[in-house]
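The values are calculated or read from the model by the stated rules, or taken from the named source; none is laboratory data. Keep in mind that this is a model prediction, so the values were computed, not measured. Counting neighbours? That spans all protein chains shown, and the Cβs are built from the backbone with ideal geometry, glycine included. When the accessible area is computed, the model is the full protein with side chains, heavy atoms only, and any ligands, DNA or RNA have been set aside. Shrake-Rupley method; radii C 1.70, N 1.55, O 1.52, S 1.80 Å.
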Amino acid sequence: LNITPVPKWGLITVAVAGAILLLLFLICIVKCCCSKKKPKKKERIGLCAVSNSTTTNLVQPEMEDLEWEVEQKRRGKLQYSLEYNFRIQELKVGVKQAVELKAMDSGGTSDPYVIVYLTSDMRKRYETKVYRKTLNPIFNESFTFQVPQAEVSESTLVMQIYDFNRFAKHDIIGEVRLPLANVNLQHVIEQWSDLAVASKVEEEHLGEICFSLRYVPSTGKLTVLILEAKQLKRMDSDGLSDPFVKVHLILNRKKWKKKRTSVKKNTINPYFNEAFVFEVPFSQIQNVDVVISVWDHDKVTKNEPIGKLFLGCRATGNQLRHWSDMLSNPRRPLAQWHILQPPDVVDKALGLKSHLKLPLHSR
């Protein structure tokens, strides 16, 4: 210090300034490391840059899902009750009230009424009264169904709310579908359910039939064995039917031969085990259609058809497969179950006319 030309006070000033600068430098480093970097205002999350599809779906749901949720929420709710009497095998359905129904009319209201039925017997339907210009109708109506205990688990209760329109088709607001297999009917049930979008109109279940086919080309004998049917459509007021089966042979789109089984009284699950033999030359087997139809016998009025199906080279699906298997396995009986179809649908497919009659046998 003695030989340095700089005065003592100057060195002290330089040392203090250096210490201050070093302290400020250390403070800046600590602040930069500990503080969080704020995002810029112009930054946005781009979903296109996210490669994970699951993440994208969580952040931005599909528009169809959003529309479906909105559609579901604004249809309203229905209050109902269920009571099953095991002694007399009777189901009592109470339609209580509905709230916050979807407005179907231009004035912001609806004219609601309810249709009630079971999928096991769609022929029997009940309707409530129509309530004008309201979205919160109080129905307080009850309906009774005869349901055997063994069939309860196979039935679904459907309650559909419609908007009445005098001059146009009635619009459906929503529905409640309740599989009875999921319901504890040991006690009376009273609850609310949200109305859902109505399902597509299901085809009426007409029943199923089992029969076997056997063809012997050398003798030209076609054997049709009607075995049994199950879950046939109920045609009588007591919830049963008196079924019998007709077997028609159609040759070149004209009725040719027919035979029928005996009548089974008061059942929707008849057992027949009746065989019919037809003579069909091998040269004609490709031009023959076999029509199986189930009928409900009635002593007073005309017999009513329950359902039909046909087999042959013009058939499709299981019917064509059954026919092809028969031709591929001569002299061997082949049995199979088939679902009955509406009679008019089968007649249209066959190209038959209802007024055609069987030709009289020449003497």
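The residues of the stretch 304-334 that are part of a strand (DSSP E or B) and open to solvent by less than 60 Å² (accessible area, probe 1.4 Å), listed by number, are P305, I306, G307, K308, L309, F310, L311, G312, L334. Does N252 satisfy being open to solvent by 40 Å² or more (accessible area, probe 1.4 Å), over 27 Å from Q146 (Cα atoms) and in contact with a helix residue (DSSP H, G or I) (Cβ under 7 Å, 6 or more places away or on another chain)? Criteria met by N252.
Step by step: first the residues of the stretch 80-95, then only those that are part of a strand (DSSP E or B) and touching a helix residue (DSSP H, G or I) at 6+ places or on another chain (Cβ under 8 Å), then the one that is farthest from P137 (Cα to Cα). Which residue is that? Within the stretch 80-95, the match that is farthest from P137 (Cα to Cα) is Y84. Close Cβ contacts (under 7 Å, 6 or more residues apart or on different chains) running from residues in the stretch 241-256 that are hydrophobic (A, V, I, L, M, F, W, C) to residues that are at pLDDT below 90 and open to solvent by 10 Å² or more (accessible area, probe 1.4 Å) comprise L249/W256; I250/W256.
Checked against (1) part of a loop (DSSP other than H, G, I, E, B); (2) within 19 Å of the chain's Cα centre (by Cα), S218 passes all but condition (2). Of the residues Y131, Y215, Y162, the single one that is touching a His at 6+ places or on another chain (Cβ under 6 Å) and at pLDDT 90 or above is Y162.
In the stretch 174-200, what count of residues is obtained for those that are part of a loop (DSSP other than H, G, I, E, B), closer than 24 Å to Q146 by Cβ and open to solvent by 80 Å² or more (accessible area, probe 1.4 Å)? Here the count works out to 4.
Note on the stretch 96-117: residues that are part of a strand (DSSP E or B) and touching a residue at least 60 places away in the same chain (Cβ under 8 Å) amount to 3. Note on the stretch 130-164: residues that are open to solvent by 40 Å² or more (accessible area, probe 1.4 Å), farther than 17 Å from L101 by Cβ and part of a loop (DSSP other than H, G, I, E, B) amount to 3.
Within the stretch 218-234, being open to solvent by 40 Å² or more (accessible area, probe 1.4 Å) and small (G, A, S) holds for one residue alone: S218.
For K299, the test of being in a loop (DSSP other than H, G, I, E, B), closer than 23 Å to S262 by Cα and at pLDDT below 90 is passed.
Kindly establish whether F272 is open to solvent by less than 60 Å² (accessible area, probe 1.4 Å) and either among the polar types (S, T, N, Q) or in the same structural domain as P305 (by the TED database) (or both). Yes; evaluated as a whole, the condition is true for this residue. Annotation: M122 fulfils all but one of (1) in contact (Cβ under 8 Å) with a residue 24 or more places away in the chain; (2) open to solvent by 40 Å² or more (accessible area, probe 1.4 Å); the unmet one is (2). Take Q286 and decide whether it is within 30 Å of D236 (Cβ to Cβ), of a type outside the set (V, I, T), outside any strand (DSSP E or B) and in the same structural domain as R260 (by the TED database). No.
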